[in-house]
Ligand code: LMR
C-alpha cells in the first residue's frame, strides 16, 4: 500500500536550511528560516525561560495529562498578552496548540467545520505554509494584493479592492504584525479601514500573530488584533510563542476564538477541545507552562520583556545599518524600506536569479522570493550582504 504514496515538493524554507548546512564555506551567512540569532549566530534560551525551567524542575511533581485545551492558566495568560482587555472575556474561547502552526491548522479545520465551502483570502505573498495547509485541507484560497513591488510597502488600495469581494462565510487571513515574508505592515489607520471593511462584508477575520514583540513592541504589535477584537462580532487568532519566548522546539501556541455572544463562545470552546482531541489529544505542556510562569510572575516577566526588547531593538539597529550601507553603496535611498519594515523579515525585491547569484558568490542564503531574516545578520555581515546585493544588481 505504501507504494502508492507520492513525494511532496520540499518546503522551500526547510530545504534552504538543509542547503545551508551542507555548504562547507566558513563565511556563509544564513538569512533563511525565521529563527532569532544573536550577534554570535546563537539562538539562546531566554534568561526568563531558563529560570522558569529551573523552578519548574523543582516544583513539578507529575507529568500526568493536563486537559484538552491545555492549562486554563496558560489560556488566560496568553489571552491577556495578546488581547489585553480587548474583546471582553465572556465571548472568548481558546485552546493551547502545538506551536503557531498547530493553531493555524486548527483554525482552518474549525472554519471548515463551520462552513465546508469556506474560502480563505490570503495576502499575496503570505507564509508558504498557510497555502500548503489550506491546499492539503481542500480549502479554496483567494489571494489579495498586499505587497507593492515598487515601494516594497503595502499596496493598500489593491488590498482593500480585493477584500471587497469577501462575503459572509469567507475568512480573511491577516498577519497581526511583522508580515511574513515581506516585513511591510499596516498602519494604525489602515487597520481601522480593514476593520470597517470586514464589518461591511461580514467575512470572518483570522489573525496570525507569530512575532508579537519583534516589531514595535508587545502592545504596539497587538494594535491590529486588539482593534479587530473590539470592533468585530467574531474573529480567530492563531498565536505562536516560538519566537517571542524562543521556545521553538517546545511547540507552544494558542488558538483563540471570539464569538458573537457567550452562548456561541461555549460552542466554539467545545469545538476547539473536540479538534484537539481528534488531531493530537492533549497539546504539549512544557513550553506552555514556562510561558505561564513567566507571564504570571512579575520578576520573570520583567526579565523576559527586557530581553525581548533587546532582541527587537537589535534587529532595528541591523535594519538601519543595512539601509545606510546600501545608501552609501548605491548613492540612493531606494533601499530605505529595509529600515521602515518591521519584524524579522524583509523582502528585498531581488529576482530568483539574483538570489542564487548572492548564494553562489557570497554564500548568502535567503529564501527564493528574496526574504531575508534580519536576525541572521551582524555588524560583520551587513556590509557583505550590501556588497552582494549591489554586485548582483538588485
Ligand atoms: C519561517 O517563516 O521561517 C518560520 O515561521 C519557520 C517556519 O516554520 O517556516
(request) Determine, for each peptide in 88-95, 362-369, 160-167, the mean count of other beta carbons within 10 angstrom over its residues, then list the peptides with the highest first. (result) 362-369, 88-95, 160-167
(message) Suppose the chain between residue 227 and residue 309 were pulled fully straight at 0.36 nm per residue; how much longer would it get relative to their current alpha carbon spacing?
(response) 27.2 nm
(message) Over all directions, how big on average is the projection of the convex hull of the alpha-carbon atoms in the chain, in square nanometres?
(response) 20.6
(request) May I ask you to sort 252, 330 by Cβ crowding, counting other Cβ atoms within 10 Å and putting the fewest first? (result) 330, 252
(message) Using a 10 Å cut-off around each Cβ, can you sort 172, 35 from fewest to most neighbouring Cβ atoms?
(response) 35, 172
(request) Compare 234, 58, 305 in a GNM of the chain, Cα atoms joined below 10 Å, and give the one with the largest fluctuation. (result) 58
(request) Evaluate the Debye formula for the stretch 65-296 with equal point scatterers sitting on the alpha carbons, no solvent, and hand back log10 of I(q)/I(0) at q = 0.14, 0.15, 0.16 Å⁻¹, in q order, two decimals. (result) -0.82, -0.96, -1.11
(request) Please give the peptides 341-351, 183-193 ranked by average Cβ packing (other Cβ atoms within 10 Å per residue), highest first, as a rough proxy for protection. (result) 341-351, 183-193
(message) Could you check the spin-label model distance between residue 353 and residue 282? Points 7 Å from the Cα along Cα→Cβ, value in nm.
(response) 5.7
(request) Give me the distance in nm between label points sitting 7 Å out from Cα along the Cα-to-Cβ direction at residue 199 and residue 151, one decimal. (result) 2.5
(request) Grab the beta carbon distance between residue 334 and residue 25, set R0 = 25 Å, and tell me the FRET efficiency rounded to 0.05. (result) 0.30
(request) Counting helices only, and only those DSSP H runs with n ≥ 4, report the 222 nm mean residue ellipticity of the chain as the sum of -39,500 (n - 2.57) divided by its residues, in deg cm²/dmol to the nearest 500. (result) -14500 deg cm²/dmol
(message) Can you sort 325, 200, 15 from fewest to most other Cβ atoms within 10 Å of each residue's own Cβ?
(response) 200, 15, 325
(message) For the stretch 115-232, what does the convex hull of the Cα positions come to per residue, in cubic angstrom?
(response) 95
(message) Compute and list, largest first, the equivalent-ellipsoid semi-axes of the stretch 236-324 from the alpha carbon gyration tensor, each √(5λ) rounded to a whole angstrom.
(response) 32, 17, 14
(request) May I ask you to give the average projected area over all directions of the convex hull of the Cα atoms of the stretch 249-394, in nm² rounded to one decimal? (result) 12.9
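Read-outs: derived from the displayed coordinates by stated rules, not from any lab. Quick caveat, the model's predicted, so the values are computed rather than measured. FYI the Cβ positions are ideal-geometry reconstructions off the backbone, even for glycines, and counts take in every protein chain you see.
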